[in-house]
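To start, the structure under review is shown below, and the notes come after it.
The values are calculated or read from the model by the stated rules, or taken from the named source; none is laboratory data. These numbers were taken from a predicted model, which means no experiment stands behind them. Cβ placement follows ideal geometry from the backbone for every residue including glycine, while neighbour counts extend to all protein chains displayed.
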Amino acid sequence: MTRDIAIGLFAGILFGAGLALSGMADPTRVRDFLDILGNWDPTLLFVMGGAIVPMAIAWFVRMQLEKPLAASRFALPDTNPIDARLLLGAVLFGIGWGISGLCPGPALVGIALVPGSALIFVVFMIFGMLMARLVARKEDS
């Protein structure tokens, strides 16, 4: 196993374990977080807020490095302007997240925890990704 694959596998397992242990792979918890006028559950807010500290540390460390520890250079995406396609994607993502209580990371964790409903979500998530690629190809032609 190459070092890149090992690092990616470790990061994925760590992320998945964090989602599972924190309960963030539970769709009910996510839906309760979004239900601000009903049975509101603020725990997701604390998880999101808690993610800011390690991310700030990671950006600080990144600024101190000439290159990443496991690559020859940093590969950061370009900044693109906010456009209709981005807004539509964000709206569709938000609607799907609100209805299902799942987004890609927790859905993949959910396949191990509650395979039935998570697998249905992942199948349609992959279908949506394929459709987005088809639309992008048509726009580029």
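When you check residue 43 against the structure, is it free of Cβ contacts under 8 Å to residues at least 40 places away in the same chain, of a type in the set (Val, Ile, Thr) and surrounded by 10 or more Cβ atoms within 10 Å (Cβ to Cβ), yes or no? Please lay out each step first, then the result.
Numbers: free of Cβ contacts under 8 Å to residues at least 40 places away in the same chain: yes; of a type in the set (Val, Ile, Thr): yes; surrounded by 10 or more Cβ atoms within 10 Å (Cβ to Cβ): yes.
Spelling it out, residue 43 is indeed free of Cβ contacts under 8 Å to residues at least 40 places away in the same chain, of a type in the set (Val, Ile, Thr) and surrounded by 10 or more Cβ atoms within 10 Å (Cβ to Cβ).
Within the group 71, 17, which residue is at pLDDT below 85, surrounded by 11 or more Cβ atoms within 10 Å (Cβ to Cβ) and not β-branched (Val, Ile, Thr)? Steps first, please.
Working: 17 fails: at pLDDT below 85.
Of the residues listed, the single one that is at pLDDT below 85, surrounded by 11 or more Cβ atoms within 10 Å (Cβ to Cβ) and not β-branched (Val, Ile, Thr) is 71.
Can you tell me which residues in the stretch 76-105 are under 27 Å from residue 25 (Cβ atoms) and more than 17 Å from the chain's Cα centre (by Cα)?
First, pick out the residues of the stretch 76-105 that are under 27 Å from residue 25 (Cβ atoms): 77, 86, 88-105.
Selection gives 88 alone.
Could you grab the pairs with beta carbons closer than 7 Å, sequence gap of 6+ or different chains, first residue in the stretch 102-120 and farther than 13 Å from residue 20 by Cα, second one assigned to a helix (DSSP H, G or I)?
Cβ pairs passing all conditions: 103/97; 104/125; 118/107; 118/110; 118/111; 119/111.
Give me a count of the residues in the stretch 35-69 that are aliphatic (A, V, I, L, M) and within 20 Å of the chain's Cα centre (by Cα). Break it down stepwise before answering.
Within the stretch 35-69, the first condition is being aliphatic (A, V, I, L, M), and the residues that meet it are 36-37, 44-45, 47-48, 51-53, 55-58, 61, 63, 65, 69.
Still in the list and also within 20 Å of the chain's Cα centre (by Cα): 44-45, 47-48, 51-53, 55-58.
Of the residues in that region, 11 qualify.
Please go through the stretch 6-46 and give me each residue that is in contact with a Lys or Arg (Cβ under 8 Å, 6 or more places away or on another chain) and assigned to a helix (DSSP H, G or I), ordered by number.
Here is the first cut: in the stretch 6-46, the ones in contact with a Lys or Arg (Cβ under 8 Å, 6 or more places away or on another chain) are 23, 41, 43-44.
Answer for the stretch 6-46, where residues must be in contact with a Lys or Arg (Cβ under 8 Å, 6 or more places away or on another chain) and assigned to a helix (DSSP H, G or I): 43, 44.
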